[in-house]
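Participant: I have a structure here, written as structure tokens, and I will follow up with some questions on it.
Just so you know, all these numbers are worked out from the coordinates, no wet-lab data involved. Note that the structure is a prediction, hence the values are computed from the model and not measured. No Cβ is skipped: glycine too gets one built from the backbone with ideal geometry, and neighbour counts run over all protein chains shown.
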Amino acid sequence: MIPFSILDLAPVTEGSNATQAFANTLDLARHAERLGYRRYWLAEHHNMPGIASAATAVLIGHVAGGTSTIRVGAGGIMLPNHAPLQVAEAFGTLASLYPGRIDLGLGRAPGTDTATARALRRYFDGADTFPQDVVELLHYFEPAQPGQPVRAVPGAGVEVPVWLLGSSLFSARLSAALGLPFAFASHFAPDSMDEALALYRGEFTPSARLQRPFAMLALNVVAAETTAQARRLFTTQQQSFVKLRRGQPGLIPPPIDDIEAWWTPVEKLGVERALACAVVGDREEVRRGIEAFIARHRPDELLLTANIFDHAARVRSFEIAADVRAELR
């Protein structure tokens, strides 16, 4: 069966705080481990009140320490915000603490707004050198050579699977050239998905890290006992997208009964395009939706995400998705 994994942003809901968000993240990761999900990824974002995963490596350590078998990783670390050596040291440390369980996904975007990117200091100097920085980072994970002037300690010789993440053709082409697994951000930017997949698979060059192309696609999945319940839960994510585009990012809002009366027609079209890769409904609708998505795009793995206000409902959604996976042909 195709593996299912989870992407989490450690959402901070209205009326809650980061402490509770981290407790929810660990609880969901433990459920994911029990339900058979392959990996649990956290994403780097900055200056967003509703997302608590800014210190991504720290949170990965928290989740890995509170679980025992599931792979835990970054989906991703925004490399232009960091020096490659520091990333290698952080993930070399994590992989030494939790051998065989740590993944490192790398992105090229800042994961924030322009002002915050400047506050991060490195982004505007590092974005143009992303390919070179990826190569440098990969080098730090290789066994150290005699006389090597700079090495990652820990990190050198430590097994850390490295992925490239993207929402365009750039990272698809770079992943193919470097022989790395590729994860596409189809959960919020699906426009170039088919072209990026074709390019990655067509241009893939085998490497010591990966012999055949391996593509993971992100998919929004909101499942509930009834279609009406699922659609109402999904309004949380729809509101969050609209508020971000209005320049009003905030805490994750509760669902509402009538989304049509809340947004404008133009906002609705924008959100429907951004969230086109979404499966929302009861168990049977979710099964059909996931099955159709897999049949059309042939991913090697699915990375499921669900921005649901109520933690129990979020856990239940991933439970239903795990049950559906067992039923897929």
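Participant: For helix 311-327, report the angle its Cα long axis makes with the longest principal axis of the Cα atoms of the chain; keep it between 0 and 90° and round to the nearest 10°.
Facilitator: Roughly 80 degrees, rounded to the nearest 10.
Participant: Over all Cα pairs of region 27-167, how is the pair count split among 5 Å bins, expressed in % and running from 0 up to the last occupied bin?
Facilitator: Pairs per bin, as whole percents: 2, 11, 19, 22, 19, 14, 9, 3, 1, 0.
Participant: Whose amide H sits under 5 Å from the amide H of Trp163, counting only residues 5 or more places off or on another chain, with H placed in the peptide plane?
Facilitator: Amide H to amide H, under 5 Å and 5 or more residues apart or across chains, Trp163 pairs with Leu104, Gly105, Leu106.
Participant: With charges only on Cβ, +1 for K and R and -1 for D and E, what is the dipole size of region 221-329 about its Cα centre, in debye, rounded to 20?
Facilitator: 360
Participant: So how far, in whole Å, is the C-alpha centre of region 20-77 from the one of region 181-196?
Facilitator: After rounding, the separation between the Cα centres reads 22 Å.
Participant: Write down Rg/Rh for region 290-329, rounded to two decimals, with Rg from the C-alpha atoms and Rh from the Kirkwood relation over Cα pairs.
Facilitator: Result: Rg/Rh = 1.02.
Participant: Before rounding to the nearest 500, sum -39500 (n - 2.57) across all DSSP H runs of length at least 4 in the chain and divide by the residue total; then give [θ] at 222 nm in deg cm²/dmol.
Facilitator: Here the helix-only value at 222 nm equals -14000 deg cm²/dmol.
Participant: For a label point 7 Å from the Cα of Arg201 along Cα→C-beta, name the residues of region 256-298 whose backbone N is under 13 Å from it.
Facilitator: In region 256-298, the label zone of Arg201 (backbone N under 13 Å from the point 7 Å along Cα→Cβ) covers 294-298.
Participant: I would also like to ask the following. For region 217-329, I need the span (max minus min coordinate) of the C-alpha atoms along each principal axis, in Å, sorted largest to smallest.
Facilitator: Dimensions of region 217-329 along the principal axes of its Cα atoms: 41, 28, 20 Å.
Participant: With an 8 Å cut-off on Cα pairs and a minimum separation of 6 or more residues, tell me the relative contact order of the chain in percent.
Facilitator: 19
Participant: Would you kindly give the portion of the calculated P(r) for the chain that falls above 30 Å, as a percent of all Cα pairs?
Facilitator: In whole percent, the share of Cα-Cα pairs in the chain beyond 30 Å is 32.
Participant: Could you point to the residue in Ala322, Asn307, Ile290 farthest towards the positive end of region 281-329's charge dipole, with +1 and -1 charges on the Cβ of Lys/Arg and Asp/Glu respectively?
Facilitator: Ile290
Participant: Can you check what the Kirkwood hydrodynamic radius comes to for region 153-299, Cα pairs only, in Å to one decimal?
Facilitator: 17.2
Participant: Please give the helix 130-141 orientation as an angle from the longest Cα principal axis of the chain, in degrees from 0 to 90, rounded to the nearest 10.
Facilitator: 60
Participant: Continuing with this model, one more query. Suppose every K and R has +1 on its Cβ and every D and E has -1 on its Cβ; what is the size of the dipole of region 289-328 about the Cα centre, in Debye to the nearest 20?
Facilitator: That gives a dipole near 120 debye.
Participant: Suppose every K and R has +1 on its Cβ and every D and E has -1 on its Cβ; what is the size of the dipole of the chain about the Cα centre, in Debye to the nearest 20?
Facilitator: So the dipole magnitude of the chain works out to roughly 300 debye.
Participant: Within region 1-102, list the GluC sites (Glu not before Pro) lying in a DSSP loop whose Cβ has at most 16 other Cβ atoms in a 10 Å radius.
Facilitator: Here the sparse-neighbourhood loop sites are Glu14.
Participant: I've got another one for you. By how many degrees, between 0 and 90 and to the nearest 10, does the Cα long axis of helix 169-178 differ from the longest principal axis of the chain?
Facilitator: Helix 169-178 sits roughly 40 degrees off the main axis of the chain.
Participant: What is the packing order of peptides 46-57, 200-211, taking the mean over residues of other C-beta atoms within 10 Å and listing the highest first?
Facilitator: Ranking the peptides 46-57, 200-211 by packing returns 46-57, 200-211.
Participant: Where in region 220-290 are there GluC sites (Glu not before Pro) that are in a DSSP coil and have at most 15 other Cβ atoms within 10 angstrom of their Cβ?
Facilitator: Glu225
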